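A short worksheet on the structure shown next.
The values are calculated or read from the model by the stated rules, or taken from the named source; none is laboratory data. Bear in mind the structure is a predicted one, so any value in this text is a computation, not a measurement. Virtual Cβ from ideal backbone geometry, glycine too; neighbours counted across all protein chains shown. Surface accessibility is based on the protein's heavy atoms, side chains included, excluding ligands, DNA and RNA. Shrake-Rupley method; radii C 1.70, N 1.55, O 1.52, S 1.80 Å.
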Amino acid sequence: MNDSIIPFGKGGLGVIALYLVGLLLIGWYGRRARQEESLRDFYLAGPGVGFIALLLTLYATQYSGNTMLGFSGRAYRTGFTFLVSVHFMISIIIGYLLFAPQLHRLSKKFRFITPTDFLNHRYRSRTVNLLGLGIMVAALGNYLLAQLIAMGRALQGLTTMPPQTAFVAGVIILATIILVYETLGGFRAVVWTDVLQGTILMIGFAALVYLVLDRYGSLGETIKLLLEGDPSDRAKVLPPSANESRRWISYVILFGLGASLYPQAIQRIFAARSERGLQRSLAVMAFLPFTTALIVVFVGVIGAAHMPDLNNAQTDRILTLICREVQAGSAFGYWLVVVLFAAILGALMSTADSCLLTLSSMITKDFYHPYVNPHASEAKLTQLGKTCSWIIVVLMAGLAIYLNQLEQKPTLVKLLDMKFDMLIQLVPAFVVGIHTQKLRALPVALGIVVGLSVTFGLYGNESVQAVGFHSGLYGLVANLLVAGLGSYLVRRLP
Amino acid sequence: MKRTATKEPPNAYLDWRVWLAFLILFSISVPWYWPETHDQTLIGIPLWVLVTLSSSFFISALTAWLLLFRWPNSSKPEDDANE
């Protein structure tokens with residue numbers, strides 16, 4: 001049998017099936033709770049959500065399947081140097097300090113639904129709107145695709161079906177469930193399922209700690225094993241090199257600024273019912289990397305000590321491999337793995353559904369409504385948004401299945417890197433623009449174009465990689481210079 | 001086209017002392033200053049890992065404190081009434 005498969009019995013599969021049916025029921029309740037057929041009701045749940053729901057939706061959305069699968073693989077390969085993940089997840093919350101209070105207040109006053117609404121309010125420029133829309137749609141599409149690929153791989157690890165068949169089945173079944181509950185209940189369904197998924201995710205991380213410590217002993221023993229190993233093992237517990245430290249700093253800036261501008265996260269700032277609820281949710285979020293990313297890093301390091309010699313492609317499956325060993329150990333281990341698998345599904349689906357809802361809202365409200373059919377009613381736009389979700393998923397699922405057949409597959413972490421390099425180019429427009437009126441639309445637009453050009457121009461450049469900083473940061477510097485100097489010159493013009 | 005005025009209260013988070021505090025904490029928590037061969041452990045964990053995690057915790061605590069007690073133009077108590 002393939003060693004990366006966790007064979008679930010009828011009981012385990014039954015629990016997973018029940019969980020998925022539960023998500024559909026939540027969608028149905030979300031539909032019953034709707035107050036009106038409007039974009040605001042469908043995409044932001046009308047007046048919004050309170051503290052607990054907001055916290056769990058932020059949590060479930062921010063911690064994706066990549067956190068558990070991709071991060072553990074990365075920690076396996078690089079060891080404790082991947083503690084950078086704890087740092088960059090904290091830095092996202094620091095990023096919010098820069099603009100969330102003002103943005104929340106403006107969103108309530110001017111009834112924003114999508115992030116582009118802020119750009120439109122601030123700059124009144126079609127060019128800025130379209131550039132912002134393009135970057136956010138590309139980043140969301142990228143993220144959604146990564147979740148769909150991870151869904152296929154999750155099912156591959158569950159059954160003894162041929163891998164490609166299991167992958168296709170995983171993508172189609174899970175994406176269809178998301179589509180059904182999201183079409184039924186919109187943002188309410190997404191948030192309420194996030195509450196369930198976020199809770200299971202928290203339980204899953206606790207289960208992960210228990211089962212790994214129970215199986216492999218203390219972290220101290222693992223570290224001793226690595227320190228006594230060959231140089232590549234020792235490197236996993238020793239401090240990072242100068243280049244890795246620069247990369248570390250780069251990650252902190254890239255995530256702090258880039259990931260805080262995730263469109264689905266911005267929509268959650270809009271959806272906070274009160275400022276106090278938003279404050280409290282973000283304050284708790286500042287500590288959650290210690291209960292998520294940190295645990296995953298420990299798991300990756302433990303895997304590196306106890307399952308050495310995995311090849312590069314296998315390292316992303318380290319969590320599955322550990323689960324398989326634990327599951328075979330005892331009945332209790334078996335059920336812990338079932339809970340953990342439900343948590344992984346929750347992490348994947350909660351991120352995918354948020355991306356999908358935000359994508360459909362942006363395409364419908366920011367593109368179709370202003371440029372295709374300005375006279376469309378709210379009901380028609382809401383209906384179109386639902387249709388849009390189905391089209392997006394069909395296209396993305398097709399792409400995920402196609403990519404899975406390729407020999408050279410993009411790894412989850414590579415996908416993750418690209419979207420932040422793009423999103424960070426929106427920093428002048430959002431983060432600077434919300435604090436000063438001195439920034440003007442044309443230089444801001446030009447800055448984004450220059451920033452993206454520099455970013456993609458330097459992408460994969462060996463000298464840039466040797467320094468350690470992400471190409472998006474060079475792009476951001478160029479972007480800020482163009483936006484700042486350009487706005488200064490525009491103001492000086494007679 | 002004319003821009004829309006966005007008059008907002010000053011943001012306490014933009015105070016330079018806040019960012020100096022973050023800079024100091026990040027300077028300690030990013031392990032740039034440890035020799036690459038440093039293998040000293042404390043309670044079985046590499047010392048540099050413990051220092052990084054401890055200072056990261058302080059970064060989280062500072063962030064949470066700012067969010068809860070230095071939120072610009074903090075919301076009024078009645079904001080919580082509908083929760």
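Points worth noting:
- Scanning region A:431-473 for residues that are under 24 Å from residue B:13 (Cα atoms) and either touching a Pro at 6+ places or on another chain (Cβ under 6 Å) or assigned to a helix (DSSP H, G or I) (or both) returns A:431, A:432, A:444, A:473.
- Residue within region A:17-27 that is at pLDDT below 85, in contact with a Leu (Cβ under 8 Å, 6 or more places away or on another chain) and either crowded, with 16+ Cβ neighbours inside 10 Å or among the aromatic types (Phe, Trp, Tyr) (or both) present: no
- Within region A:169-212, the set of residues being open to solvent by 40 Å² or more (accessible area, probe 1.4 Å) and more than 19 Å from the chain's Cα centre (by Cα) comprises A:172, A:173, A:176, A:180, A:184, A:203, A:206, A:209, A:210.
- Residues that are assigned to a helix (DSSP H, G or I) and crowded, with 23+ Cβ neighbours inside 10 Å, drawn from region A:223-241: A:223, A:226
- Qualifying residue in region B:51-70 (condition: modelled with pLDDT of 95 or more, outside any helix (DSSP H, G or I) and at the interface with chain A (Cβ under 7 Å from one of its Cβ atoms)): no
- Taken residue by residue, region A:345-365 has no member that is in contact (Cβ under 8 Å) with a residue 24 or more places away in the chain and over 19 Å from residue A:182 (Cα atoms).
- Checked against (1) surrounded by 24 or more Cβ atoms within 10 Å (Cβ to Cβ); (2) within 14 Å of another protein chain (Cβ to nearest Cβ); (3) farther than 25 Å from residue A:82 by Cβ, residue A:297 passes all but condition (3).
- Test: residue in region A:319-326 that is part of a helix (DSSP H, G or I), open to solvent by 60 Å² or more (accessible area, probe 1.4 Å) and without any contact (Cβ under 8 Å) to a residue 40 or more places away in the chain: no
- Which numbered condition residue B:7 misses (of (1) modelled with pLDDT of 90 or more; (2) out of contact with any Pro (no Cβ under 8 Å at 6 or more places or on another chain); (3) loosely packed, with under 15 Cβ neighbours inside 10 Å; (4) more than 7 Å from every other protein chain (Cβ to nearest Cβ)): (1)
- Looking across region A:458-475, the residues that are hydrophobic (A, V, I, L, M, F, W, C), at pLDDT 85 or above and either surrounded by fewer than 16 Cβ atoms within 10 Å (Cβ to Cβ) or closer than 15 Å to residue A:249 by Cβ (or both) come down to A:467, A:469, A:473.
- For region A:40-55, the set of residues classified as open to solvent by 10 Å² or more (accessible area, probe 1.4 Å) and more than 14 Å from chain B (Cβ to nearest Cβ) consists of A:40, A:42, listed by residue number.
- Some residue of region A:332-340 being among the β-branched types (Val, Ile, Thr), in the same structural domain as residue A:109 (by TED's automatic domain parsing), under 20 Å from the mean Cα position of the chain (by Cα) and open to solvent by less than 10 Å² (accessible area, probe 1.4 Å): no
- Condition check for residue A:326 on (1) closer than 24 Å to residue B:49 by Cα; (2) β-branched (Val, Ile, Thr); (3) over 19 Å from the mean Cα position of the chain (by Cα): one failure, at (1).
- In the set A:202, A:136, only one residue is in the same structural domain as residue A:398 (by TED's automatic domain parsing) and either under 25 Å from residue A:38 (Cβ atoms) or outside any helix (DSSP H, G or I) (or both); that residue is A:136.
- Failed condition for residue A:260, given (1) touching a Leu at 6+ places or on another chain (Cβ under 7 Å); (2) crowded, with 24+ Cβ neighbours inside 10 Å; (3) touching a residue at least 40 places away in the same chain (Cβ under 8 Å); (4) more than 10 Å from chain B (Cβ to nearest Cβ): (1)
- Test: residue in region A:475-491 that is on the phi < 0 side of the Ramachandran plot and either in the same structural domain as residue A:403 (by TED's automatic domain parsing) or of a type in the set (Lys, Arg) (or both): yes
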